[in-house]
Amino acid sequence: MKREILAALLLAGSAFVASAAAADTLDDVKARGSVRCGVSEGVAGFSAPDAAGKWVGFDVDFCRAVSAAVFGDPEKVSYVPLSTKDRFTALQSSEVDLLSRQTTWSLSRDSGMGIHFVGTAYYDGQGFMIPKKLGVDSALKLSGATVCTEQGTTTEQNLTDYFHANKMEYQPVVIDSADGVIKAFETGRCDVYSTDASALYAQRLKLADPNGFMVLPEIISKEPLGPAVRQGDDKWFNVVRWTLFSLIEAEELGITKQNAEASLKSANPVVTRFLGVEGDNGQQLGLDPRFAYAIVSAVGNYGEIFERNLGASSELKIERGLNALWNKGGLMYAPPSR
């Protein structure tokens, strides 16, 4: 019996070692020479090919930041466009190393699908878009409105709960695709379009007169969007997580793409430690000591990425809101790099 127990323990131990060895994504990425990044099939501001076919956007820049952290070069990324249906399977099956694709962090996804979210890159939530001519400035004034939404989503239940809780009536118009919803909304089949606010800003750009429409301020659900990796690979999880944290902390420290080089000579020890001039942060992650410097000098800090892709300098013109730093009224907060 003792021999059988010992044999079982040895077998379990060898299986664990084999599993750990097979789950070394960082080594695989380094050996391959590129990060395989799962992105959307095309969402303006987040991940979409531009006129020249180059992938651009908020989620794309995060992929580039991970590449910079690993290789010192933001361009060593291959982008894999994934549908909503296929995104998790692609990550689970190792078709991609990282999912950076407007995906909500939830308990069931983080615990029951073999994936882990590294943090929240964008705080989103369900909102409402209306034509400005409707003359409404709050969702609380939408009683009696017809509301277009996509079939088979949590949006439908959220709408029911919101209107019921606020003792308002509405007429749902449920359509089987996002493109169908935006067409119905533009032709006046409904007064209101409801889905995640970030998607509303992107969809608005498809309208013939985007300036004739507005997204109302109310958010009626929590949709924390963030990058995800496979479970069981702590080394890669830490690399991707601390890439996100480095982008946020760089903004808090005032380190930008433009001044990153000069910041290497800063008199502030917090800055020089963050940039890897001293300390062993990079070594602990299996990266170059100056991985954070490589990230910021290549893609900028979190605020710069937000501004050019989603903020006032972009077509979407989304306000920072909850995505501002914690000391500027938002929720963006990174642990210290020490």
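In the elastic network of the chain, a GNM with C-alpha springs shorter than 10 Å, the most mobile of 228, 51, 199 is 51. Straight-line cross-link partners of residue 141 among the lysines, defined as a Cα under 22 Å from its Cα and at least 8 positions apart when in the same chain: 132, 133, 167, 222.
For trypsin sites (Lys or Arg not before Pro), the sites in region 138-245 that DSSP calls loop and that have at most 10 other Cβ atoms within 10 Å are 167.
Sequence gap at least 6, Cα distance under 8 Å: using those rules, report the relative contact order of the chain to the nearest whole percent. Intermediate values should be presented prior to the final figure.
On the way: 599 pairs, mean separation 69.0, N = 338.
The normalised contact order for the chain reaches 20 percent.
As an equivalent ellipsoid, the chain spans semi-axes of 38, 27, 18 angstrom, where each value is the square root of five times an eigenvalue of the C-alpha gyration tensor, largest first. Entry comment: accessible area of region 91-156 is 41 Å² per residue, from protein heavy atoms only and a probe of 1.4 Å. Among complete DSSP H helices in the chain, those whose alpha-carbon atoms stretch at least 24 Å along the helix's long axis and whose mean Kyte-Doolittle hydropathy reaches 1.0 are 2-22.
Candidates 188, 135, 151 compared by Cα position along the dipole of region 135-188: farthest toward the positive end lies 135, with charges placed on Cβ.
Stokes-Einstein diffusion for region 47-116, with the hydrodynamic radius set to the Kirkwood value over Cα pairs and evaluated at 20 °C in a medium of 1.002 mPa s, equals 163 µm²/s. Calculated mean residue ellipticity, 222 nm, the chain: -11500 deg cm²/dmol, from DSSP H runs (n ≥ 4) at -39500 (n - 2.57) each, averaged per residue and rounded to 500. Each semi-axis of the equivalent ellipsoid for region 195-279 is √(5λ) with λ an eigenvalue of the Cα gyration tensor; in descending order they amount to 36, 21, 11 Å. Of the trypsin sites (Lys or Arg not before Pro) found in region 37-104, the ones in coil according to DSSP and having at most 12 other Cβ atoms within 10 Å of their Cβ are 54, 85.
Whole number please: convex hull volume per residue of the Cα set in region 185-338, in Å³? Don't jump to the answer; show the numbers that get you there.
Numbers: hull volume 21.4 nm³, N = 154.
For region 185-338, the hull spanned by Cα atoms encloses 139 Å³ per residue.
First obtain the Kirkwood hydrodynamic radius of region 117-163 from its Cα pairs, then insert it into the Stokes-Einstein equation at 20 °C and 1.002 mPa s, and state the resulting D in µm² per second as a whole number.
Details: Rh = 12.9 Å.
In µm²/s, the coefficient rounds to 166.
Loop-located GluC sites (Glu not before Pro) in region 195-280 (DSSP state other than H, G, I, E, B) with a sparse environment of at most 16 neighbouring Cβ atoms within 10 Å: 218, 278.
Within the same chain, aspartates and glutamates fewer than 8 places from residue 317 are excluded, and of the rest, those with a Cα less than 13 Å from its Cα are 307. Sequence-ordered 3J(HN,Hα) estimates for region 101-118 from the Karplus curve with 6.51, -1.76 and 1.60 and θ = phi - 60° stand at 7, 5, 10, 7, 7, 9, 4, 5, 6, 7, 10, x, 10, x, 10, 10, 7, 8 Hz, glycine and proline given as x. Region 27-76 and region 252-289 have Cα centres lying 23 Å from one another.
The values are calculated or read from the model by the stated rules, or taken from the named source; none is laboratory data. In this text the structure is predicted, and so the values were computed from the model without any measurement. Using ideal geometry, Cβ is built from the backbone for each residue, glycine included, and neighbour counts are taken over all protein chains shown. Please note that ligands, DNA and RNA were not included when accessible areas were found on the heavy atoms of the full protein model with its side chains. Shrake-Rupley method; radii C 1.70, N 1.55, O 1.52, S 1.80 Å.
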